[in-house]
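None of the figures in this text is laboratory data; all of them are computed from the coordinates on show. A quick note: this is a predicted structure, and the numbers were derived from the prediction, not measured. Ideal geometry is used to build each Cβ from the backbone, glycine not excepted, and the neighbour counts take in all protein chains shown.
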Amino acid sequence: MNVYDSARMADVLAPLGYAQADGPEEADMVILNTCHIREKAAEKVYSELGRLRQIREQRAEDNPEDAGPVLAVAGCVAQAEGAEMLARAPFLDIVFGPQTYHRLPEMIVRAERAAKTGAGKKSSKGAGILDTEFPDEAKFDHLPQPRADIAAAGCTAFLTIQEGCDKFCTFCVVPYTRGVEFSRPGEAVLTECRSLVEAGVREVTLLGQNVNAYHGAAPEGGATGTASAAWDLAELITQLAGIDGLERIRYTTSHPRDMDDRLYAVHGSCEKLMPYLHLPAQSGSDRILAAMNRGYTAAEYQASVARLRQVRPDIALSGDFIVGFPGESEADFEATMELVASVNYAQAYSFKYSPRPGTPAALLENQVPDDVRGERLQRLQALLDSQQQAFNQQMVGRRLSLLLDRTGRRPGQLVGRSPYMQAVHLDGPASMLGRMVEVEITDAHANSLAGQLISGVQGPDLQPTAAMAPSEKPIGMEQIV
């Protein structure tokens, strides 16, 4: 979602004459777009700010007429620690939250005005503008349409359809930094998606903190009948699938509590919806799940997995896991290991519990010692890694469709995503970028696959050429980005 937000910030700034720079050394403005989910990410912000301050001071020293870049921090760290951030980094010009970036032009004018009055960048003190309110109006109503050269830099794109969270998991800061759940109107999502497809996008990933809680207003006369009715995620996917030129649809991040009959069904009926779903479990212990306020049991989670595999037998699952939540016993952790073994993930993210200020879990007693958390995490990651490697190995010899979305590390190498989100490396001309092709998987690695184009089998808009002959040599690990 931060990638999407960053692109939209660029859209907002474009009318002011801003364009994306190659780096901070020559930039007129630098924005750090931040995440507050884990403590380590928040700590990196202050380290990077120190580096940016040195760049600004050096530019002013080299050229007294160059005040250096406007320095701004955006996103969830800014939302959670705005006042503290200005105190720790008084040279900052602007600090703003994820719900206010549509007001960036106004903030920049205020920062420039402050600079002209002597309280700006040339001194050690910045303008100190803080905007972390949750405005009554939806920011999406005030954003311009995405620009093709920014929002569609490739053939894949992110598309935010839902923000915020009403779940209040005890470990999570999202409800406090992103606010309550908000879903964009269905027509607004369709309009943005059409503009992306017109710019060359072939695959969209629908984004939301709880994306399957989507309940956007339906267009008047739409499939649900009245202007006051709402589309759920299943209906939105069905509508998006009708857009000519859009080949693939994905969504993330889903919550197990928001899986329903219609969503299960669309996984079985919509060919454009990829057979890969990120479904965070967090723990396999019912006691810990209750302490996390997740709202489901391990058995209910496994029932969701069974429903998905019933309607789409080839679906691959990824997940999230937190190890060492306060009060987690060895038996609780073993329950997580049992859940992982039962589900068999294609890929997963796992972390040691990180106390986030302001969350209920941070105040719980019986915090698990760091060395215990670390040892458990190693055991869990060993199991998850073995499952991912086995899943990748199962792909060898199979034919998969790919969307070639970028060049590889060496000349003549292209990279695409399989339906299951694996990176696949192969040889081919750059003219094939953005196209659907079919490949045979020749080799599997820990985090990627290697493949060869199948002679005479191309995607819908690909014409065979002599340059498309498959490579005789599989791609080695040293060549994988």
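Applying a DSSP loop filter and a limit of 14 other Cβ atoms within 10 Å to the trypsin sites (Lys or Arg not before Pro) in the stretch 396-447 leaves Arg398, Arg409.
Counting lysine pairs in the chain that sit 8 or more residues apart in sequence, or on different chains, and whose Cα atoms lie under 29 Å apart gives 15.
Under a point-charge model restricted to the Cβ atoms of Lys and Arg (+1) and Asp and Glu (-1), what is the dipole moment magnitude of the chain relative to its Cα centre, in debye to the nearest 20? Working shown, then result.
Details: 46 positive and 63 negative charges, 72 e Å.
Dipole magnitude for the chain comes out near 340 debye.
Take the Cβ-Cβ distance between Asp286 and Ser47 as r, set R0 to 30 Å, and report the resulting FRET efficiency rounded to the nearest 0.05.
On the way: r = 40 Å, r/R0 = 1.32.
Efficiency at R0 = 30 Å is approximately 0.15.
How do the peptides 2-14, 353-365 rank, highest first, by the average count of neighbouring beta carbon atoms within 10 Å per residue? Before the final figure, lay out the partial values.
Values: 2-14: 17.6, 353-365: 15.5.
For the peptides 2-14, 353-365, the packing ranking is 2-14, 353-365.
With Cα atoms defining each centre, the stretch 319-382 and the stretch 21-55 are spaced 29 Å apart in the structure. Backbone geometry of the stretch 367-375 corresponds, through the Karplus equation with coefficients 6.51, -1.76 and 1.60 at θ = phi - 60°, to 3J(HN,Hα) couplings of 5, 6, x, 4, 5, 5, 4, x, 5 Hz, x marking Gly and Pro.
Highest mean first, the peptides 255-262, 240-247, 343-350 sorted by other C-beta atoms within 10 Å per residue fall in the order 343-350, 255-262, 240-247.
Compute the length gained on full extension between Gln367 and Ser329: take 0.36 nm times their separation in residues and subtract their Cα-Cα distance, giving the result in nm to one decimal.
Working: separation 38, 0.36 × 38 = 13.68 nm, distance 1.07 nm.
Once the chain is fully extended between Gln367 and Ser329, it gains 12.6 nm.
Take each peptide in 198-204, 54-60, count the other Cβ atoms within 10 Å of every residue, and average; sorted highest first, the result is 198-204, 54-60.
Taking only the Cα atoms of the chain, the radius of gyration and Dmax are 23.8, 68 Å. For the chain, the mean residue ellipticity at 222 nm estimated from helices alone is -10500 deg cm²/dmol, where every DSSP H run of n ≥ 4 contributes -39500 (n - 2.57) and the total is divided by all residues, rounded to the nearest 500.
Shown in residue order for the stretch 407-422 are the 3J(HN,Hα) couplings computed by the Karplus curve 6.51 cos²θ - 1.76 cosθ + 1.60 at θ = phi - 60°: 7, x, 6, 10, x, x, 9, 10, 10, x, 9, 6, x, 9, 6, 6 Hz (x for Gly and Pro). Along the axis of the charge dipole computed for the stretch 2-131 (Cβ charges of +1 for Lys and Arg, -1 for Asp and Glu, origin at the Cα centre), the listed residues Gln79, Tyr18, Asn63 are led at the positive end by Gln79. Lacking any other cysteine beta-carbon closer than 4.7 Å, the following Cys residues of the chain have no compatible partner: Cys35, Cys76, Cys155, Cys165, Cys193, Cys270.
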